[in-house]
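The values are calculated or read from the model by the stated rules, or taken from the named source; none is laboratory data. Quick caveat, the model's predicted, so the values are computed rather than measured. Virtual Cβ from ideal backbone geometry, glycine too; neighbours counted across all protein chains shown. The accessibility values were calculated without ligands, DNA or RNA, using every heavy atom of the protein model including side chains. Shrake-Rupley method; radii C 1.70, N 1.55, O 1.52, S 1.80 Å.
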Amino acid sequence: RGAMVLKKRKRATGLRSGGSAAKAARKGGAPAADDGAANLASEDELSSDADGGEAAGAKSDAEDDEFFETADEKRVRLAKEYLSRLGADGEKPQEEVQEQLARDTEDQAKRTRMQIEDVQLGKPVLRRKAHEKAVTCVCLSSDDSTAYTGGKDCRLVRWDLETGKFSSYAGGYNRFQCGGHFQQVLGVCLVEPRQLLVSGGVDRLVRFWDPRAPPEATCKQALHGHLGPVTAVAAEEDGSTLYTASLDRSLKIWDLRTRRCTDTLFGHVTGVNCMDLHSKNRPTTGGADKTVRLWKTDRETHLMFARHTYSVDAVTVVDQDRVVSAGQDGNMFLWSNASKKPLATVALGSGKWITALRAIRQRNVVFSGGTDGFLRCWRFGRNSGDNAEDKTLRFTEAAEAVAVPGCINGIAVGRKVLVAAVGKEHKLGRWIYEKKYRNGLLLLPLSYREV
């Protein structure tokens, strides 16, 4: 027999090396790369390291420049960066840049807080001849020369504070064709950018007037929309938007350019008694449901503060973050939009309703008035006396209380004068009526020192 010889085929070297590389890859968990790919990767790493080093060096140089720059150089650098963000380098028209600068300046001024000391109120003067019934609301012009009041006699009155002269607009009880309010007037505000005087009342109408019109002038326009008495009106500083509050539980937003209602907000479960406005799209309201609500109309949300035990009759905005509220429980609370609990509290006692509030904007002073016939001035701040470790905010009386011959239904504060709407009864009812009280406009000189 011939012997059978078996010959084995030799594997190719490339396949053998590929197989071993694949096994190594499976064991190591990483794909194998040839020498060319490795060379390319090393070159990329070197180039990226070089770029990173250059960037780090530039960054360190910039940080060194900022570290060694003087205060004047830093101000110049920040100013240039701000102007470049505005587009002042030619990207935007000059008029648009100037408007943006003006808006930023106003916003910054609104955020600046000042402290007030040495508040002094002069001798009060009561002017009584214009209104036959209780005065319910008051507003003041920006130059402190003219005041406007509304009352339960269905009339609006314009006052010259220097001479004491006054003139009345058209209005009368149940005089439906008189061209003015035919029910009680509860709210008034002056919109100076548009030369408008706006009022609202029990007749459920929002009326526009010419603030420079002669006596017995009729309203320019009346807007319908509310289903209950209009208790408060307020307008934004630029005159673009008007807000009205009503006992129908709603807050309406009006466009003053088109004179139309743009939105209606609901949140209060009972009537809205009072309202104040300082920042754009941020009205603050108080209602008979014992709540204070801070609205954010641009976001369609609102914050609710519930600590009062009776109806909230007065609110005032201090600055962009803080508001003060008061009501029939005799309590006054300082609120912040960052806390559900009040920052400061003061209680006058049961039976002493607080019916009016007004703060000096961006300051730490608030004026209050009530049914007890006293005008009080409050300062809120942290303790600076013997117990300096106590850092809680507190209300303290900044000036001696002023006796007023009536229930204070509204307060307006100017730079050098304070005016108050005074009546024999509360503006929303006759729960408290005193024959010895008087109806009229109270005028007090005001002075203080800012620190």
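Quick notes
- Selection count where residues are open to solvent by 10 Å² or more (accessible area, probe 1.4 Å) and either assigned to a strand (DSSP E or B) or not small (Gly, Ala, Ser) (or both), scope the stretch 139-157: 9
- Residue within the stretch 404-415 that is without any contact (Cβ under 8 Å) to a residue 60 or more places away in the chain, on the phi < 0 side of the Ramachandran plot and open to solvent by 50 Å² or more (accessible area, probe 1.4 Å) present: no
- Condition check for Met332: open to solvent by 60 Å² or more (accessible area, probe 1.4 Å), touching a residue at least 24 places away in the same chain (Cβ under 8 Å) and not charged (D, E, K, R): no
- Among residues of the stretch 124-149 that are farther than 24 Å from Ser447 by Cβ, those with a Cβ under 6 angstrom from a residue that is part of a loop (DSSP other than H, G, I, E, B) and among the charged types (D, E, K, R), sequence gap 6+ or separate chain, pair up as Arg128/Arg438; His131/Asp153; Glu132/Asp153; Lys133/Lys152; Lys133/Asp153; Ala134/Lys152; Ala134/Lys424; Thr136/Lys427.
- Candidates are the residues of the stretch 365-387 that are more than 21 Å from Leu126 (Cα to Cα) and open to solvent by 50 Å² or more (accessible area, probe 1.4 Å); the one that is modelled with the lowest pLDDT is Asp386.
- Search result, residues across the stretch 123-138 that are out of contact with any Ser or Thr (no Cβ under 8 Å at 6 or more places or on another chain) and open to solvent by 10 Å² or more (accessible area, probe 1.4 Å): Lys123, Pro124, Val125, Leu126, Arg127, Arg128, Lys129, Glu132, Lys133
- Qualifying residue in the stretch 155-177 (condition: under 21 Å from Ser240 (Cα atoms), touching a Gly at 6+ places or on another chain (Cβ under 7 Å) and not polar (S, T, N, Q)): no
- Sole exception among (1) over 24 Å from the mean Cα position of the chain (by Cα); (2) assigned to a strand (DSSP E or B); (3) farther than 14 Å from Asp372 by Cβ for Leu418, by number: (1)
- Filtered by the rule that a residue be assigned to a loop (DSSP other than H, G, I, E, B) and over 16 Å from Val419 (Cβ atoms), the stretch 113-128 gives Arg113, Met114, Gln115.
- Strands (runs of 3 or more DSSP E) (entirely within the stretch 158-274) containing at least 2 residues that are in contact with a Lys or Arg (Cβ under 6 Å, 6 or more places away or on another chain): 166-168, 260-266
- Flag if Arg299 is open to solvent by 10 Å² or more (accessible area, probe 1.4 Å), over 20 Å from Thr396 (Cα atoms), modelled with pLDDT under 95 and outside any strand (DSSP E or B): yes
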